[in-house]
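Asks: Just passing along the structure, written as structure tokens.
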Amino acid sequence: MDRFGMIVFEDLHIQNLQKNHHLAKSIADVAWRMFVTITESKAEEAGSRVVLANPRNTSQMCSRCGIMVKKTLSDRVHSCPHCGLVMDRDQNAAINIMRLGLQSQG
């Protein structure tokens with residue numbers, strides 16, 4: 001925590017992501033919320049902050065040029081036909097999430 005001024009998480013609504021039994025959804029939501037809350041507490045102690053970013057389109061948008069590149073959940077590689085960027089889908093999304101967090105702070 002001491003090395004980072006900001007930690008950005010997707011503002012996930014776990015209950016919307018899972019299609020399982022109601023109790024399982026509640027447990028997952030509580031676990032995610034607890035993880036974020038503990039991270040917020042530790043960040044505050046270290047003089048850092050936690051920012052929640054809207055996850056909408058973070059895996060679809062190209063982190064280099066901003067164009068939307070449609071993918072299915074099984075597509076694991078981001079390949080932009082506009083600028084040629086090829087990288088892991090999750091890395092592309094992480095860059096977009098970081099950028100959203102930075103933008104939200106002015």
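The values are calculated or read from the model by the stated rules, or taken from the named source; none is laboratory data. As the structure is a prediction and not an experimental result, all values here were calculated from the model. In this analysis, Cβ positions are derived from the backbone assuming ideal geometry, glycine residues included, and neighbour counts consider all displayed protein chains.
Asks: Return the pairs, sorted by first residue and then second, in which the second residue is surrounded by 15 or more Cβ atoms within 10 Å (Cβ to Cβ), the first residue lies in region 61-74 and is free of Cβ contacts under 8 Å to residues at least 12 places away in the same chain, the beta carbons are less than 8 Å apart, and the residues are 6+ apart or on different chains.
Replies: Correct list of pairs: Met68/Gln60; Met68/Met61; Met68/Cys62; Lys70/Gln60.
One line per residue, one yes/no per condition, for (1) aliphatic (A, V, I, L, M); (2) surrounded by fewer than 17 Cβ atoms within 10 Å (Cβ to Cβ):
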site: Val50; (1), (2): yes, no
site: Ala53; (1), (2): yes, no
site: Thr58; (1), (2): no, no
site: Ile67; (1), (2): yes, yes
site: Lys71; (1), (2): no, yes
site: Val77; (1), (2): yes, yes
site: Cys80; (1), (2): no, no
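Asks: Further question on the same structure: In region 37-87, what count of residues is obtained for those that are assigned to a loop (DSSP other than H, G, I, E, B) and of a type in the set (Asp, Glu)? Give the derivation first.
Replies: We begin by selecting, within region 37-87, every residue assigned to a loop (DSSP other than H, G, I, E, B); these are 46-48, 54-60, 62-67, 69-76, 80-85.
Next cut, of a type in the set (Asp, Glu) only: 75.
Residues meeting the conditions: 1.
Asks: Could you tell me whether Ala28 is surrounded by 14 or more Cβ atoms within 10 Å (Cβ to Cβ), assigned to a helix (DSSP H, G or I) and at pLDDT below 95? It would help to see each step written out before you state the result.
Replies: Details: surrounded by 14 or more Cβ atoms within 10 Å (Cβ to Cβ): yes; assigned to a helix (DSSP H, G or I): yes; at pLDDT below 95: yes.
Yes.
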